[in-house]
1. Identify all residues within the stretch A:281-303 that are within 15 Å of A:ALA396 (Cβ to Cβ) and either at the interface with another protein chain (Cβ under 9 Å from one of its Cβ atoms) or small (Gly, Ala, Ser) (or both); write none if there are none.
2. Could you list all residues from the stretch B:35-51 that are in contact with a strand residue (DSSP E or B) (Cβ under 6 Å, 6 or more places away or on another chain), farther than 16 Å from B:THR169 by Cα and either surrounded by fewer than 22 Cβ atoms within 10 Å (Cβ to Cβ) or hydroxyl-bearing (Ser, Thr, Tyr) (or both)?
3. Which members of the stretch B:145-168 meet the condition of being buried (at least 22 other Cβ atoms within 10 Å of the Cβ) and touching a His at 6+ places or on another chain (Cβ under 9 Å)?
4. Please go through the stretch A:296-335 and pick out each residue that is basic (Lys, Arg) and either surrounded by fewer than 20 Cβ atoms within 10 Å (Cβ to Cβ) or more than 26 Å from B:GLU76 (Cβ to Cβ) (or both).
5. Tally time: how many residues in the stretch A:190-210 are open to solvent by 40 Å² or more (accessible area, probe 1.4 Å) and either at pLDDT 95 or above or assigned to a loop (DSSP other than H, G, I, E, B) (or both)?
6. Please note which helices (runs of 4 or more DSSP H) are completely contained in the stretch A:252-337 and include at least 2 residues that are of a type in the set (D, E, K, R).
7. Name the pairs: first residue in the stretch B:202-227 and exposed (fewer than 12 other Cβ atoms within 10 Å of the Cβ), second residue part of a strand (DSSP E or B) and of a type in the set (D, E, K, R), Cβ to Cβ under 6 Å, at least 6 apart or on different chains?
8. Taking the stretch A:6-23 on its own, how many of its residues are open to solvent by less than 50 Å² (accessible area, probe 1.4 Å) and either within 41 Å of the chain's Cα centre (by Cα) or within 28 Å of A:SER379 (Cα to Cα) (or both)?
Amino acid sequence: MKFLVRLATKNLWRYGRRTLITAAAIALGLATYVLLDSMLVGADEESVRNLIWYETGSARVMHPDYWAERERAPLRHVIEDPDSVLDALRSQDVAATPRTTFSGELIVWRDPFPEDGSLLVHVTAIDPETDGRVYRFDQWITEGRPLQAGEPGVVLGSWLAEDLGAEVGYPLIISARSRYGARVTIDAEVVGILNSPNPVINRGGIFLPLDIADLYLDMEGAVTQIDLRFADYARVEGPIAELKQLPALRDLEIADWRLLGADYIAMMEADSVGSGIILFLVFVIAAVGVSNTMLMTIFERTREIGMMRALGMDDRAIRNLFLIEAAGIGLIGAAAGILLGALGNIPMVRVGIDYSAMFRTMDAGYRSTGVLYGAWVPSTFVIAALMGVALAVIVALVPTRRALRMDIPRALSRQ
Amino acid sequence: MISVTNVQKQYRDGDTTVHALRGVSLSIEQGEFISIAGPSGSGKTTLLNLIGCIDTATAGEISIDGRAVAGCGKRELAAIRREKLGFVFQSFNLIPVLTAFENVAFSLTLTGTPDAEARERTMRILDEVGLAGMEDRRPSQLSGGQQQRVAVARALVKEPTVVLADEPTANLDSRTGHAILELMVEMNRRHNTTFVFSTHDQMVMDYARRLTMLHDGEIVSDERRSA
């Protein structure tokens, strides 16, 4: 084996140009893989973060029957005594905020809006005092100011505001059904425009103070949900199981962000299949490029193979010799590819790529509005290295086997 | 030592069947210096390939040192080639990335000879073929004659039963060819190694002490000469 490794190393040097060309093809494929994977993982990480920070929190407490009817945002299934729940959560040092989500019709009219119109919407009533414990909106109010309790103010997502032609100070009407089915009309004024990193919020977010919603919707202190924030959103099962033991929460449902953001999670999983296919294609392209040069390399050395067989070298040893050479090329390619990928990933992680123009017009499903950053994924580098070597070895296998199947006299007569 | 009995070799060339050998029988004893000669297509290279276990006969029997090669598997044939046979090719066929020393030692590496012994035997045979001081040169740094000397050394270093040489002078000028043949004669005399040549070169035939002529796949004459 030592001899084979030495011979293989010498052959790699001897066919230096071809070694470099083949290794370069592998390196390019791997660098592309590293960068693509970094971007996809970065996008997923940021999307999950933005989903939790702006849409779902880490988990949500709600009436057990609410979830099944959540699309209609019903006010029938509510938490009647949110204060006792909040007290219980506070005793466990869990950051929490009450909210009420309801469906209604947003009505605007010409002057000051560009034209008359109405829109079916979901409105989120938030407690301005405590919402910041779970969500991070305040820093993204780009125009106007945050909501204040007791005033019929509305904060709009920036893209929705843009689509409506809304500006701070514009009046609007929210028409909805109260908890008991009565038609109610809330006269409100746009007090702030919210331009968050979450496109779902920017595209459709309408926020109202919770006490105003309580008043108009006859909620009598009830809310539709209490949203929670845990220190580590990756591990929510344990804290949720503990909270379920609390008497105040025993009859309520607690859903984690994965369930609350199930639509996005499903899309992310579908995306990861698509991304897997893209990454697979990258490898196929690299494999085609590599196999061509590998094929040439081995066929050009058919006579050498014939000579080694004539001298009594085992077919297995000859195959191993060529596979070691291929692995060497793969290793050089993998090292170069990883280096290239790592260098390319530095600006991806630090500066990112600005997709804001694309995300504004197209709903790609990602919870990101602008700059997507790459991520350092150590496993990708390990996989890339292994794939580089495996790729080279696999594409060398077929031509080597074919060359070894050739009769020795025929192999020796090859020019 | 080498026994060839009624050997036939046929192969397909498109729609036609080519009869390369038609029942050849031949016996070669230890220490012989034999040329198998004949015009192109006479079957001399085919016969050499069959004796060299790099091709298989359609019918008939070949045995080397009393061991029948028919029915041997690929690995057994490789072992026979590795241990009992040495090859000298028309176009030298050295491994380009290895030095003269390494090319010769390659044969011993395959037989699993310990490093120290392999080194000693390689240096000695390189000295015998007149390449002392050129051990570290690669094939590209050697002349054609020198490369063929390396090939002869590679064939001889493992002390094989027989050295098979296919047109060994075809790629050499006549002076170098003579020198190589003289070297082989000397090695034959010194080590009593059997040499079997296939050739249509009169010069090689002149050196042979036994000349077997083939024509259309049959032996037409088998003449022993005095040294």
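The values are calculated or read from the model by the stated rules, or taken from the named source; none is laboratory data. These numbers were taken from a predicted model, which means no experiment stands behind them. All Cβ positions, glycine included, derive from the backbone under ideal geometry; neighbour counts span all protein chains shown. We work out accessible area using only protein heavy atoms, side chains counted, and drop any ligands, DNA or RNA first. Shrake-Rupley method; radii C 1.70, N 1.55, O 1.52, S 1.80 Å.
1. Of everything in the stretch A:281-303, those that are within 15 Å of A:ALA396 (Cβ to Cβ) and either at the interface with another protein chain (Cβ under 9 Å from one of its Cβ atoms) or small (Gly, Ala, Ser) (or both) turn out to be A:ALA286, A:ALA287, A:GLY289, A:SER291.
2. Residues satisfying the conditions are B:SER42, B:THR46.
3. Of everything in the stretch B:145-168, just one residue is buried (at least 22 other Cβ atoms within 10 Å of the Cβ) and touching a His at 6+ places or on another chain (Cβ under 9 Å), namely B:LEU156.
4. A:ARG303, A:ARG316, A:ARG319
5. 1
6. A:262-300, A:302-310
7. B:ARG224/B:ARG210
8. Matching residues across the stretch A:6-23 total 3.
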